[in-house]
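Engineer: Please read through the structure below; I'll follow up with questions.
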Amino acid sequence: MSEANMKKINMIVNDKTYSIEVDVKDALLEVLRDRLGFTGVKCGCSVGECGACTVLIDGTAVNTCIYLAVWADGKKITTIEGVSKNGKLSKVQQAYIDEGAVQCGFCTPGLVLTTTALVESGKKYSDEEIKREISGHLCRCTGYQKIFRAVKKSLEK
Ligand code: FES
Ligand code: FES
C-alpha cells in the first residue's frame, strides 16, 4: 500500500459520518466490512454476481464488491445494520420473517436492502418486475418463492 495510492474520503454510513483513508483500489465492501465493522455486508463472490454485498448508496442498491471505496466519497450509505430504527424491525425485515424467507441468512441483508429500495421508490411493481429486480441475488436455501412473497408483502401499502 503506497502513500500515493491513499485518499481520504468522507461518507455517511447509517447516519454517522466516517472520515477514513482508503487505498484507491479498495472495494467499498472491504472498507465497510473489514475496517468499519459492518459485517452484515457479506462477501459471496467478489465479482458482482451474487448480491450478498449489496448496500444502498444514496438510495440505490449497489454491489459493493465491484464499487470502489473512493467513489463513496460524499455519499450516504445504508447497510443492514441501519435498517431497523429504535430497536424495531423495518416493514421489509418483518415481511421476510413473516414469509419464512430467511434460512441461513447469508443472502438476506442484500435482499432486504434491495427490497427497501423498491419500497422507497414508491412505484408499483408487477410480478415480473419484482423477479427482475431481485434477480441479482443468489439464494442457496429458499428456492426464491418465499423471498418473492416477502417482497410482495413489503410492497403492500
Ligand atoms: S460479493 Fe458482491 S456480488 Fe457477490
Ligand atoms: S437464506 Fe441461505 S442463501 Fe438465502
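Engineer: Connecting C-alpha atoms closer than 10 Å in a GNM of the chain, tell me which of 14, 63, 86 has the biggest fluctuation.
Structural biologist: In this elastic network of the chain, the residue with the biggest mean-square fluctuation among 14, 63, 86 is 86.
Engineer: Around residue 68, with a cut-off of 12 angstrom between Cβ atoms, what is the net charge of the other residues, counting Lys and Arg +1 and Asp and Glu -1?
Structural biologist: Summing Lys and Arg as +1 and Asp and Glu as -1 gives -1.
Engineer: Sequence-distant or interchain residues sharing an amide H contact under 5 Å with residue 38, placed H: which?
Structural biologist: So residue 38 has HN proximity to 33.
Engineer: If one computes the Cα centroid of the stretch 126-140 and of the stretch 47-113, what distance in Å separates the two points?
Structural biologist: Computed from Cα coordinates, the inter-centre distance equals 15 Å.
Engineer: Write out the trypsin sites (Lys or Arg not before Pro) in the stretch 5-110 meeting two conditions: DSSP loop, and at most 14 other Cβ atoms within 10 Å of their Cβ. Intermediate values should be presented prior to the final figure.
Structural biologist: Working: sites: 7, 8, 16, 25, 33, 35, 42, 75, 76, 85, 88, 91; in loops: 25, 42, 75.
Of the trypsin sites (Lys or Arg not before Pro), the ones in loops of the stretch 5-110 whose Cβ has at most 14 other Cβ atoms within 10 Å are 25.
Engineer: Only Cα pairs under 8 Å and at least 6 apart count here; give the relative contact order of the stretch 49-142 as a rounded whole percent.
Structural biologist: Relative CO of the stretch 49-142 lands at 39 percent.
Engineer: Here is a further query. Relative contact order of the stretch 3-79: what whole-number percent is it, with Cα pairs under 8 angstrom and at least 6 residues apart?
Structural biologist: Averaging sequence separation for qualifying contacts and normalising by length gives 37 percent for the stretch 3-79.
Engineer: Further question on the same structure: List the GluC sites (Glu not before Pro) in the stretch 77-157 that DSSP assigns to loop (not H, G, I, E or B) and whose Cβ has at most 12 other Cβ atoms within 10 Å. Which are they? Working shown, then result.
Structural biologist: Values: sites: 81, 99, 120, 128, 129, 133, 156; in loops: 99, 156.
The qualifying sites are 156.
Engineer: For the chain, what does -39500 (n - 2.57) per DSSP helix run (n ≥ 4), summed and divided by total residues, give at 222 nm, in deg cm²/dmol to the nearest 500?
Structural biologist: -7500 deg cm²/dmol
Engineer: What percent does the relative contact order of the stretch 91-155 come to when contacts are Cα pairs within less than 8 Å and at least six residues apart?
Structural biologist: Computed value for the stretch 91-155: 57 percent relative contact order.
Engineer: Turning to a different aspect of this structure: Shape call for the stretch 38-157 from the C-alpha gyration tensor, a ≥ b ≥ c root eigenvalues: rounded (a/c under 1.5), prolate (a/b greater than b/c) or oblate?
Structural biologist: rounded
Engineer: What is the order of 11, 6, fewest Cβ neighbours within 10 Å to most?
Structural biologist: Ascending number of Cβ neighbours within 10 Å: 6, 11.
Engineer: Cross-link partners among lysines for residue 7, C-alpha distance below 23 Å, same-chain residues fewer than 8 apart left out?
Structural biologist: 16, 25, 75, 76
Computed from the coordinates by the stated procedures, all read-outs in this text should not be read as laboratory data. On a predicted model such as this, the values are computed, not experimentally measured, just so you know. Here Cβ is always computed from backbone atoms with ideal geometry, including for glycine, and neighbour counts include all displayed protein chains.
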